[in-house]
Amino acid sequence: MSEYMDKQREVIYLHEAQARLNQLSFEPKTVSVSLHDALNETLAKNISAPFPLPNFRRAEYDGYGISDVTDLDSSAQYEIVGEIGAGDRFTRDIGLNETVKLMTGCRVPDEIVKVIPIEKVTVYEDKRIQVNENETKANITEIGYEVEQGQVILKAGTQLTAAKLSLAAAFGIKRIKVYQKISVGILTTGSELIDIKSTTKEGTTFDSNQILLTLLVEESGGQVVLCDTVSDDLDEIDRRIVEMSHQCDLILTSGGVSVGDYDYIAAIAQREKLLFNKIAMRPGSCTTAFCYKHVPVIGLSGNPGACFTGFYFLAEPMIQKFRKQASRLVYKKMTLAQSIPQKNTFERYLRATHSYGRVQPLAKNQSSALQASAETTCFIKIPANTHCTKEMEVDVWLLPCR
């Protein structure tokens with residue numbers, strides 16, 4: 001079986017694998033959520049202002065409001081006839097020689113044409129002020145200065161940040177429509193894997209890929225609805241994929257994609273709608289993708305380094321597509337801090353750190369190396385059959401949240 005599968009593998013480049021996944025169509029659902037639950041989600045429907053902002057004439061500073069412009073004369077004096085605080089209403093008429101003390105953010109009466117800042121007046125004990133310095137600005141924010149009524153304040157497709165949600169709150173909006181989180185199933189395979197709650201035995205390995213993929217999915221904006229670990233049993237793996245396909249929009253597996261006798265994900269992929277099962281990249285050349293009925297399945301390597309790398313280049317863009325967002329990986333050109341003399345017939349995507357436009361590949365970058373992922377802030381692309389020298393410019397993808 002393994003020999004047959006190996007012969008059937010068409011080698012494609014990473015960008016081709018990404019393109020094949022990107023061609024899959026999704027129909028994201030929308031859901032109404034509170035503002036508190038909308039952080040980092042994607043807005044599904046335009047939001048328009050139900051009223052102008054501000055919806056009243058607003059004082060920009062603490063000061064005194066006047067209804068004429070005679071403050072050009074430094075001897076101008078006004079009688080203080082009242083005070084308006086934030087949230088107060090003032091109904092008394094204000095004459096030409098009268099003034100009202102105003103607090104920042106308060107409603108400014110219609111007859112007031114200018115607010116003289118406190119520091120530009122002298123206040124006398126008999127409730128009079130004298131203007132000491134000319135004020136050229138009105139210091140009043142007029143109705144609708146920021147936003148006009150009916151204006152779109154947040155467009156569909158916007159990723160919602162705290163500041164954007166606070167804008168919605170400023171209009172009294174309590175709930176908004178966002179795209180529903182993609183439902184993801186995670187299946188790690190391998191008879192050697194044990195749960196982290198178990199006691200380790202000789203020849204067994206704690207299942208670190210399950211927690212890795214679960215948290216990466218959640219960090220990327222997805223929702224893990226099913227998660228399981230199974231031994232190298234074809235029927236059991238098949239059964240779990242069938243179960244997950246009924247509840248998930250996307251299935252991620254770890255392990256079982258190589259050409260060994262127990263690599264059953266690879267075997268299942270052969271009989272389904274295969275997208276690819278060989279990528280010209282290291283690590284993760286045997287990464288596989290297929291569709292079980294209508295649900296895409298991305299079979300990542302069981303090696304932790306390859307699983308980590310494969311998630312960001314293949315699974316993360318799928319999760320973002322479901323949210324109507326682009327991948328969060330940021331592409332840059334940077335210079336190598338050291339030479340990389342080793343060559344490979346495939347493109348290599350090395351885990352690395354970056355600082356001030358320079359990238360440093362991590363020392364232990366083998367596919368099976370786990371610790372390097374914890375230190376990774378970016379990936380470096382090393383072209384096939386290339387000896388990279390120090391200071392050479394290379395392609396780099398910066399990781400989010402690093």
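The values are calculated or read from the model by the stated rules, or taken from the named source; none is laboratory data. Just so it is clear, the structure is predicted and the values come from calculations on it, not from any experiment. Because the Cβ atoms are built from the backbone with ideal geometry, glycine has one as well, and the counts that use them run over all protein chains shown.
If you check Gln342, Gln338, Gln360 for being out of contact with any Leu (no Cβ under 7 Å at 6 or more places or on another chain) and within 28 Å of Ile211 (Cβ to Cβ), only one passes: Gln360. Residues in the range 181-204 that are crowded, with 19+ Cβ neighbours inside 10 Å, in a strand (DSSP E or B) and more than 20 Å from the chain's Cα centre (by Cα): Gly185, Ile186, Leu187, Thr188, Thr189, Leu193. Do you know which residues across the range 221-267 are in a loop (DSSP other than H, G, I, E, B) and in contact with a Lys or Arg (Cβ under 7 Å, 6 or more places away or on another chain)? Residues satisfying the conditions are Gly221, Gly222.
For the range 1-20, a tally of residues being modelled with pLDDT of 95 or more and either of a type in the set (Ser, Thr, Tyr) or under 20 Å from the mean Cα position of the chain (by Cα) (or both) returns 2.
Looking only at residues in the range 42-72 that are of a type outside the set (Ser, Thr, Tyr) and assigned to a strand (DSSP E or B), the one that is farthest from the chain's Cα centre (by Cα) is Ile66. Between residues in the range 250-279 that are within 14 Å of Leu193 (Cβ to Cβ) and residues that are aromatic (Phe, Trp, Tyr) and assigned to a helix (DSSP H, G or I), which pairs lie under 8 Å by C-beta distance while being six or more apart or on different chains? Pairs that qualify, where the first residue is within 14 Å of Leu193 (Cβ to Cβ) and the partner is aromatic (Phe, Trp, Tyr) and assigned to a helix (DSSP H, G or I), are Gly256/Tyr264. Candidates are the residues of the range 151-180 that are closer than 28 Å to Ile298 by Cβ and in contact with a helix residue (DSSP H, G or I) (Cβ under 8 Å, 6 or more places away or on another chain); the one that is surrounded by the fewest Cβ atoms within 10 Å (Cβ to Cβ) is Thr158. Restricting attention to the range 125-142, the residues being surrounded by fewer than 16 Cβ atoms within 10 Å (Cβ to Cβ) and within 30 Å of Lys45 (Cα to Cα) number 1. Every condition in (1) among the aromatic types (Phe, Trp, Tyr); (2) touching a helix residue (DSSP H, G or I) at 6+ places or on another chain (Cβ under 7 Å); (3) closer than 26 Å to Lys29 by Cβ; (4) surrounded by 22 or more Cβ atoms within 10 Å (Cβ to Cβ) holds for Phe322 except the one numbered (2). Mind listing just one residue for me: the one in the range 325-342 that is under 30 Å from Cys291 (Cβ atoms) and hydroxyl-bearing (Ser, Thr, Tyr) and, of those, surrounded by the fewest Cβ atoms within 10 Å (Cβ to Cβ)? Only one residue fits best here, namely Tyr331. Mind checking which residues of the range 361-381 are within 17 Å of Val330 (Cα to Cα) and in a strand (DSSP E or B)? Across the range 361-381, the qualifying residues are Cys378, Phe379, Ile380, Lys381.
Residues checked against (1) touching a residue at least 60 places away in the same chain (Cβ under 8 Å); (2) β-branched (Val, Ile, Thr); (3) out of contact with any strand residue (DSSP E or B) (no Cβ under 9 Å at 6 or more places or on another chain):
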position	(1), (2), (3)
Asp126	no, no, no
Lys137	no, no, no
Val147	yes, yes, no
Ala156	yes, no, no
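If you go through the range 205-220 and keep only what is over 16 Å from Glu316 (Cα atoms) and within 32 Å of the chain's Cα centre (by Cα), you end up with Phe206, Asp207, Ser208.
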